[in-house]
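Notes follow once the structure below has been shown.
The values are calculated or read from the model by the stated rules, or taken from the named source; none is laboratory data. Because the structure is predicted, anything quoted here is derived from the model rather than measured. For neighbour counting, all protein chains shown are included, and Cβ atoms are generated from backbone atoms with ideal geometry for every residue, glycine included. Note: accessible area is taken over every heavy atom of the protein model, side chains too, but ligands, DNA and RNA are not part of it. Shrake-Rupley method; radii C 1.70, N 1.55, O 1.52, S 1.80 Å.
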Amino acid sequence: MIGGSGGIGRGICLAFAEAGWFVAIHYHRGKAAAEATLKAVYDAGGDGNLYQTDIRDAYATTHMVQAVCRDHEHLSAFVCNAGIAGSALVLRQREDGWSDVIATNLTGVFHCLRAIGPFLTARGGGSIVVIGSHAAFHGAPGQAAYASSKAGLVGLVKTAALEWGPRNVRVNLVLPGWHDTALAHEVLPRADGYADHALGRPPSLREMARTVVHLAESPDVSGQIWNCDSRHL
């Protein structure tokens, strides 16, 4: 689980633990938060351990993924949830801020897929789930870098799915919707701000996470964008 220390990542880790999976939890700087996720996995009756790396670094990412694969030779599902955000209008977006978001949210995912792909193809198949965002399709004021990074994931996931499909490796993108996490708290809509949602409300974190598990376990689905929300694309 790449990016398992935050709110959405923790929710997904717990869903896998409850489904009986061993959960390998990645973090970059948030060691205490990752340890809290691991404790929650244990409390849910599951098992897991922690792995630290900066996915912006291709070598370090490959080294970490290889360590996970050595430790868990039966690994068959890989979830990539790491991401950061910023806030700047296009004309005020600093190049270093732009580069950092793209390097983490898009290039970092590319590093992860390039590291795990050979392992899954060699073992005869597996599932990769990448966590995306509605921002990829709608954009958002002040979120040019974030929206662009998430839009890039659409092409990356669909291409990887086509390339690895003949080897039974499924690659899908999940749109989790709004959740009250540290990343999104400041920009969450007000209670009356869900008029563009068919159900008039955001999705449940628990149900979204269970959808990720279901998708990881589904043998016949690949190259798809799964919207866990009632907001149209």
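Taking interchain pairs and intrachain pairs at least six residues apart, which have beta carbon atoms under 6 angstrom, with the first residue in the range 1-30 and aromatic (Phe, Trp, Tyr) and the second open to solvent by less than 30 Å² (accessible area, probe 1.4 Å) and assigned to a helix (DSSP H, G or I)?
As it stands, the answer is PHE16/VAL213; TYR27/ALA34, since those pairs meet every condition given.
Please go through the range 43-64 and pick out each residue that is touching a residue at least 24 places away in the same chain (Cβ under 8 Å), open to solvent by 20 Å² or more (accessible area, probe 1.4 Å) and part of a helix (DSSP H, G or I). Write out each step before concluding.
As a first pass, look at the range 43-64 and keep what is touching a residue at least 24 places away in the same chain (Cβ under 8 Å): 44-58, 61-62, 64.
With the extra rule that they be open to solvent by 20 Å² or more (accessible area, probe 1.4 Å), the set shrinks to 44-45, 47, 49-52, 54, 56-58, 62.
Across the range 43-64, the qualifying residues are ALA58, THR62.
Residue-wise test of (1) under 27 Å from GLU207 (Cβ atoms); (2) open to solvent by 20 Å² or more (accessible area, probe 1.4 Å); (3) assigned to a helix (DSSP H, G or I).
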| position | (1), (2), (3) |
| --- | --- |
| GLY11 | yes, no, yes |
| ALA34 | yes, no, yes |
| THR37 | yes, no, yes |
| GLN66 | no, yes, yes |
| GLY86 | no, yes, no |
| LEU91 | no, yes, yes |
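Name the single residue, out of those in the range 68-81 being more than 23 Å from ASN105 (Cα to Cα) and either out of contact with any Gly (no Cβ under 8 Å at 6 or more places or on another chain) or assigned to a strand (DSSP E or B) (or both), that is least open to solvent (accessible area, probe 1.4 Å).
Among them, the one singled out is HIS72.
In the range 181-230, which residue that is hydroxyl-bearing (Ser, Thr, Tyr) and either touching a Ser or Thr at 6+ places or on another chain (Cβ under 6 Å) or at pLDDT below 95 (or both) is surrounded by the most Cβ atoms within 10 Å (Cβ to Cβ)?
Initially, the range 181-230 is screened for residues hydroxyl-bearing (Ser, Thr, Tyr), giving 181, 194, 204, 211, 218, 222, 230.
Filter once more, so that each one left must be either touching a Ser or Thr at 6+ places or on another chain (Cβ under 6 Å) or at pLDDT below 95 (or both): 181, 194, 204, 230.
Details: THR181: 16, TYR194: 18, SER204: 14, SER230: 15.
Among residues in the range 181-230 that are hydroxyl-bearing (Ser, Thr, Tyr) and either touching a Ser or Thr at 6+ places or on another chain (Cβ under 6 Å) or at pLDDT below 95 (or both), the one surrounded by the most Cβ atoms within 10 Å (Cβ to Cβ) is TYR194.
Would you check which residues across the range 132-172 are crowded, with 22+ Cβ neighbours inside 10 Å and β-branched (Val, Ile, Thr) and list them?
If the condition is that a residue be crowded, with 22+ Cβ neighbours inside 10 Å and β-branched (Val, Ile, Thr), then VAL157, VAL169, VAL171 are the ones that fit.
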